[in-house]
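Following: one structure in structure tokens, then a few remarks.
The values are calculated or read from the model by the stated rules, or taken from the named source; none is laboratory data. Model, not experiment: these values are computed from the prediction. Cβ placement follows ideal geometry from the backbone for every residue including glycine, while neighbour counts extend to all protein chains displayed. Surface areas here come from the heavy atoms of the whole protein model, side chains and all, with no ligands, DNA or RNA. Shrake-Rupley method; radii C 1.70, N 1.55, O 1.52, S 1.80 Å.
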Amino acid sequence: MTAVLIKGAKLYGEGDPVDVLIEDGVIARIGTIEEAGAEVIEANGQVLLPGFVDLHTHLREPGREDTETIATGSAAAALGGYTAVFAMANTDPVADNAVIVEHVYQRGQEVGLVDVHPVGAVTVGLKGEKLAELGTMAKSKANVRVFSDDGLCVADPLLMRRALEYTNALGAVIAQHAEEPRLTVGAQAHEGERASRLGYTGWPASAEESIVARDCLLAEHAKARLHVCHVSTSGTADVLRWAKARGTQVSAEVTPHHLLLTDSRLETYDPINKVNPPLRTESDVEKLRAALADGTIDCVATDHAPHAVQDKDCEWSAARPGMLGLQTALSIVAETMVRTGLLDWRGVARVMSERPAEIGGLTDHGRPLAEGEPANLTLVDPDAEWTVSGRELASIAANTPYEGMRLPGVVTATLLRGRITAREGKIG
Ligand code: DOR
Ligand code: ZN
């Protein structure tokens with residue numbers, strides 16, 4: 001394998017630019033380096049970060065390869081600066097057994113652009129009735145360490161308790177999609193002034209907050225870890241702050257869209273803005289940003305959810321919830337957290353790489369930028385801007401809510417174990 005030399009990068013955006021030599025997949029040397037024969041990336045003072053890790057990606061293979069495949073989703077991830085993604089289990093068939101998770105893992109390896117870690121379903125067929133074969137999936141070649149029924153909530157408290165106990169024994173974690181289904185029957189949008197005025201059936205904040213509070217108590221009782229998916233309300237941040245102060249082993253993620261967009265988008269009636277959990281209020285957005293900055297919310301996860309045109313370009317109530325996220329995540333974090341002064345680039349490394357790697361049990365991602373560490377890296381031009389166009393994204397689907405928006409922060413190179421997986425907006 002040829003060596004790669006990154007010339008003049010600011011590690012975590014700090015200090016003077018340095019050169020980083022990568023050999024045999026690891027960071028061999030950091031300093032002032034001349035290396036004949038190495039492939040050179042001129043960083044010109046850009047920001048070098050550990051490769052991003054996404055705990056929440058929908059890749060749609062198997063079952064909906066018309067919207068995304070492991071290959072196209074991996075390309076979107078690499079272009080977005082990711083070196084590892086966790087692929088959610090709500091595929092068709094559901095990833096609730098060793099055969100499917102091994103297939104997804106294997107296919108990710110063949111594509112080779114990011115490490116694809118399959119998430120196993122908590123319950124058989126995501127039906128919320130019976131635990132899936134968690135142990136078999138954990139011990140399979142896919143080495144599953146995150147289990148989730150995402151898209152749906154594990155609503156039965158007894159089943160959730162058993163799932164927490166069981167995954168704890170496996171050294172794994174449950175990622176809960178917190179939504180009390182009895183409170184969201186027919187729900188279409190955040191329950192509040194805007195939804196009532198515009199005629200949408202409401203999805204109350206308490207449907208999320210009550211499940212998170214319950215699950216924190218169940219996790220504490222089971223002495224188990226819990227991860228909360230896509231936190232969307234300020235009340236959930238309050239519950240997490242309370243639970244963490246008590247010593248509950250809980251972690252949480254927030255999506256880029258919940259850091260930027262609000263239910264003011266309901267005015268358009270455009271289903272591109274339909275997502276689950278729904279876009280909330282300006283006050284929620286402000287408090288979610290603060291909770292991410294102070295560590296109450298551990299990390300950013302995309303909830304990248306590709307959908308076909310016919311499932312988005314239709315009336316609101318018939319549209320599927322979800323939006324693309326992999327290629328825009330860094331820019332939304334730059335816009336909402338860095339430009340606002342809430343996080344510096346070291347903070348971005350923490351919320352987009354280090355914490356998600358720890359939560360997902362990855363030991364070779366989210367590592368320090370230091371000699372001897374695996375060369376899973378992302379180079380970001382913090383000053384550059386770009387304009388989002390759904391058709392130009394690598395995903396098959398094009399359902400981005402940021403169409404036409406000019407955003408800061410461009411990923412200029414991504415390296416997976418020293419191999420360049422994306423460079424200047426192109427794969428490889
Ligand atoms: O908006 C969403 N889309 N939320 C989910 O929980 C599931 C996801 C999907 O699979 O499309
Ligand atoms: Zn979800």
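The distance from the alpha carbon centre of the range 235-303 to that of the range 1-23 is 34 Å, rounded to a whole number.
Taking the Cβ of G151 as the center, what net charge do the other residues with Cβ under 11 Å away carry, scoring Lys and Arg +1 and Asp and Glu -1?
Numbers: positive: R320; negative: D149, D150, E179, D303.
After counting each charged neighbour, the total is -3.
Computed from the alpha carbon atoms alone, the convex hull of the range 1-98 holds 130 Å³ per residue. For the pair A293 and D238 in one chain, pulling the backbone fully straight at 0.36 nm per residue adds 18.4 nm over the alpha carbon distance. Taking every alpha-carbon pair under 8 Å whose residues sit at least 6 apart, the range 308-401 reaches a relative contact order of 37 percent. So, in Å, what gap is there between the alpha-carbon centers of the range 140-195 and the range 84-129? First find each Cα centre; the distance between them is then 16 Å.
Remark: the D383-V185 segment gains 66.8 nm on full extension, using 0.36 nm per residue and subtracting the alpha carbon distance.
Given an 8 Å cut-off on Cα distances and at least 6 residues of separation, report the relative contact order of the chain as a percent.
Details: 1075 pairs, mean separation 83.7, N = 428.
It comes to 20 percent, rounded to a whole number.
As a rough guide to protection, the peptides 400-413, 309-322 ranked by mean Cβ packing within 10 Å, highest first, stand as 400-413, 309-322.
Could you tell me what percent of the accessible area of the chain is made up of carbon and sulfur, with a 1.4 Å probe and every protein chain present? Its accessible area is 49 percent carbon and sulfur atoms. Of the beta bridges in the chain, as assigned by DSSP with both residues counted there, near 50 percent are antiparallel.
Binning the alpha carbon pair distances of the chain at 10 angstrom intervals from zero yields the distribution 5, 23, 33, 26, 10, 2, 0, expressed in whole percent.
Taken along the Cα-to-beta-carbon direction at a fixed 7 Å, the label points for T268 and K139 span 5.0 nm. Helical runs (DSSP H, four residues minimum) scored at -39500 (n - 2.57) apiece and divided by the length of the chain put the mean residue ellipticity at 222 nm at -7500 deg cm²/dmol.
Specify whether the C-alpha gyration tensor of the range 244-391 places it in the rounded, prolate or oblate class, a ≥ b ≥ c being the square roots of the eigenvalues: rounded for a/c under 1.5, otherwise prolate if a/b is larger than b/c and oblate if not. Write down the numbers at each step before the final one.
Values: a/c = 1.80, a/b = 1.54, b/c = 1.17.
Prolate, because a/c is 1.5 or more and a/b exceeds b/c.
Other residues within the sphere of radius under 15 Å centred on the Cβ of A219, judged by their own Cβ, net out at +3 (K and R +1, D and E -1).
Can you tell me the order of 197-206, 384-393, 90-99 when each peptide is scored by its average per-residue count of other Cβ atoms within 10 angstrom, highest first? Walk me through the numbers on the way to the answer.
Values: 197-206: 17.2, 384-393: 14.7, 90-99: 19.4.
Packing order, densest peptide first, comes out as 90-99, 197-206, 384-393.
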